[in-house]
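What follows is one structure encoded as structure tokens, with my remarks underneath.
The values are calculated or read from the model by the stated rules, or taken from the named source; none is laboratory data. Please read all numbers here as calculations on a predicted model, not as lab measurements. For neighbour counting, all protein chains shown are included, and Cβ atoms are generated from backbone atoms with ideal geometry for every residue, glycine included. For the accessible areas, the whole protein counts, side chains as well, though only heavy atoms, and no ligand, DNA or RNA atoms are used. Shrake-Rupley method; radii C 1.70, N 1.55, O 1.52, S 1.80 Å.
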Amino acid sequence: MKKFEIPEQYRSTIIGSLKAWRKSKDPRKQDFEPTTIDFGPISFILPRHFGFCYGVENAIEISYKAISENPGKRILLLSQMIHNPAVNEDLERRGIQFIMDTEGHQFIPWDDVTSDDIVVIPAFGTTVEIEQLLASKGIETKKYNTTCPFVEKVWKRSAEIGGKGFTNIIHGKYKHEETRATFSHSAQNSPSIIIRDMKEAEQLAKYLRGEGNASDFYSEFKGKYSEGFDPTKDLRNVGVVNQTTMLATETQEIADFFKQEVQKLHGENSFADTRDTLCYATNDNQDSTLAVLNKEADLALVIGGYNSSNTSQLATILSQKMPVYFIKDASEILSEKHINHFVYADQKLYTQENWLPAKEKVNIVVTSGASCPDTIVEEVLRTVLNLFPGVQNIENVLQEVTSK
């Protein structure tokens, strides 16, 4: 796999050496057993896979190249490069400006964007409409298009489905940039609709079975279906694709559900075998996190941007078995008594008291989303270690682990 040139500020000696050690022992990624690092009064349990993925490193490399290759030019990002505040803030400090926020609200009017500007397309991709708008302004976007290849893979899959007469049901978060982009590309080839979860899948199935009227459908799914969508015709043949960072088990459940529903009414050929369109990193990170559930742990720290979908999924998995604290970086660890943490479902930050158990030995799972730099994970580890007296030397423990 390609090795990317990313700024040293995002690389961690500690995490990097652990990842290199695991890769050397398991180059084919067949061993999802987590790594335990024992510092005496505290042990950290690290999943086999976490942190930066291919698409994120690709996006970072291209973004920083855009800055270095265009001195004196105005450089614009369509929206956040990735869902990590540290990375986006650094890009802003280096002069990059955002055209819009993650939900599509404009910071810079389109009328102010000209062919003299350098425009970078983020890792999530963008809509066909925005691509056409930029082209109409004479803006060349190919050189600094950082769209993740696994996102583009979903677009190709949805086009294949649409070309064969199937409607695309997109499992994703409607306001997420990637889902909006996938919806736009899908709608070029076929009727398309977005659903958020199994609950919405069951609601849509009412219309698939002819149990609801069209007016209710248009009200219930307002803003989530393509132009001209007809629930009485467009749900006879369907396939399911997804936002690449959704929970794999939920996407599979939704696909299995629609397959059963539509084949019952319209026969075996009425469901497109889309398989799973999650990216490899999402799959690896989720599988690695599931493997952690077999370990005895007191709590988990999940690190990443609060608008990061893939990070929220890791928190969801771990919450099946232990208390989970979703934090953006080490600054949220206020003391051994208090921690700030984000609850994704509420979209709110809370402060938790007595978050560390009063035990002689504490075991903490630590993981991070695909857009979180390893340096931030290292800072979290060091911050937590400083809360415990008598911990062993980091370098000595690391040497002991990686020499096995």
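Using Cβ point charges alone (K and R +1, D and E -1), the dipole size of the chain about the Cα centre works out to roughly 700 debye. Between the listed residues 263, 307, 280, the Cα displaced farthest toward the positive end of the dipole of the stretch 239-323, a dipole computed from Cβ unit charges relative to the Cα centre, is found at 307.
Return a whole-number percent for the relative contact order of the chain, with Cα pairs under 8 Å and 6 or more residues apart as the contact set.
Values: 728 pairs, mean separation 85.3, N = 404.
For the chain, the relative contact order is 21 percent.
Exceedance of the 27 Å cut-off in Cα-Cα distance is limited, within the set 142/164; 199/233; 264/321; 23/142, to 142/164; 264/321; 23/142.
Per residue, the stretch 277-404 exposes 43 Å² of solvent-accessible protein surface, assessed with a 1.4 angstrom probe and all protein chains in place.
Between residue 296 and residue 133, the simple spin-label model (points 7 angstrom out along Cα→Cβ) gives 5.7 nm. List the lysines whose Cα sits under 16 Å from the Cα of residue 337, skipping any in the same chain fewer than 8 residues away. Within the straight-line cut-off, residue 337 pairs with 359. Restricting the stretch 58-92 to trypsin sites (Lys or Arg not before Pro) that sit in a DSSP loop and have at most 14 other Cβ atoms within 10 Å of their own Cβ leaves 73. Note on the stretch 149-261: the alpha carbon radius of gyration divided by the globular reference 2.2 N^0.38 Å gives 0.96.
Can you pull the percent of Cα pairs in the chain with separation above 37 Å? Taking all Cα-Cα pairs of the chain, the fraction more than 37 Å apart is 28 percent.
Whole-Å semi-axes of the stretch 81-205's equivalent ellipsoid, largest first, each the root of 5 times a Cα gyration tensor eigenvalue?
Numbers: eigenvalues 162, 61, 32 Å².
Over the Cα atoms of the stretch 81-205, the ellipsoid semi-axes are 28, 17, 13 Å.
What residue among 285, 213, 242 shows peak mean-square fluctuation when the chain is described by a Gaussian network model with Cα springs under 10 Å? Result: 213 has the largest fluctuation of those listed.
Kirkwood hydrodynamic radius, computed over distinct alpha-carbon pairs, for the stretch 137-196: how many Å, to one decimal?
12.2
The average projected area of the stretch 253-404, computed from the convex hull of its Cα atoms over all directions, is 12.0 nm². Cross-link partners of residue 143 among lysines, defined as those whose alpha carbon lies under 30 angstrom from its own and excluding same-chain residues fewer than eight positions apart: 2, 3, 65, 73, 153, 156, 173, 175. What is the pair-distance distribution P(r) of the stretch 184-331, computed from all Cα-Cα distances in 5 Å bins starting at 0, with each bin given as a whole percent? Histogramming the stretch 184-331 at 5 Å steps yields 2, 9, 16, 18, 17, 12, 10, 9, 6, 2, 0, 0 percent. Basic side chains Lys and Arg get +1 at the Cβ, acidic Asp and Glu get -1 at the Cβ, and with that the dipole of the stretch 71-153 about its Cα centre reaches some 340 debye.
Work out, in µm²/s and without decimals, the Stokes-Einstein translational diffusion coefficient of the stretch 12-74 at 25 °C, 0.890 mPa s, Rh from Kirkwood over C-alpha pairs.
Values: Rh = 14.5 Å.
Stokes-Einstein gives a translational diffusion coefficient of 169 µm²/s.
Within the same chain, aspartates and glutamates fewer than 8 places from residue 295 are excluded, and of the rest, those with a Cα less than 16 Å from its Cα are 31, 33, 38, 287. For the chain, modelled as a GNM whose springs connect Cα atoms under 10 angstrom apart, the maximal fluctuation among 201, 181, 135 occurs at 135.
Our helix-only sum for the chain, with -39,500 (n - 2.57) per DSSP H run of n ≥ 4 divided by its residues, gives a mean residue ellipticity at 222 nm of -12000 deg cm²/dmol. Treating each Cα of the stretch 275-343 as an identical point scatterer and summing with the Debye formula, the log10 of I(q)/I(0) at q = 0.12, 0.19, 0.26, 0.27 Å⁻¹ comes to -0.34, -0.78, -1.21, -1.25.
For the chain, the longest principal axis of the alpha carbon atoms and the long axis of helix 280-292 meet at an angle near 50°.
Label the stretch 345-404 by shape, choosing from rounded, prolate and oblate, from the square roots a ≥ b ≥ c of the eigenvalues of the Cα gyration tensor; if a/c is under 1.5 it is rounded, and otherwise prolate applies when a/b is larger than b/c, oblate when it is not. Here the stretch 345-404 falls in the oblate category. On the stretch 264-378, 46 percent of the accessible area sits on carbon and sulfur atoms, based on a 1.4 Å probe. Computed over the chain with a Gaussian network model linking Cα atoms closer than 10 Å, the most mobile of 14, 121, 195 is 14.
Placing unit charges on C-beta atoms (Lys and Arg positive, Asp and Glu negative, everything else neutral), compute the dipole magnitude of the stretch 267-394 about its Cα centre in debye, rounded to 20. Mind dumping the intermediate values first?
Working: 9 positive and 16 negative charges, 68 e Å.
Here the stretch 267-394 has a charge dipole of around 320 debye.
Both radii come from the Cα set of the stretch 1-115: Rg as radius of gyration, Rh as Kirkwood radius; their ratio Rg/Rh reads 1.09.
Length gained on full extension, residue 36 to residue 337, computed as 0.36 nm times the residue gap minus the Cα-Cα distance: 105.9 nm.
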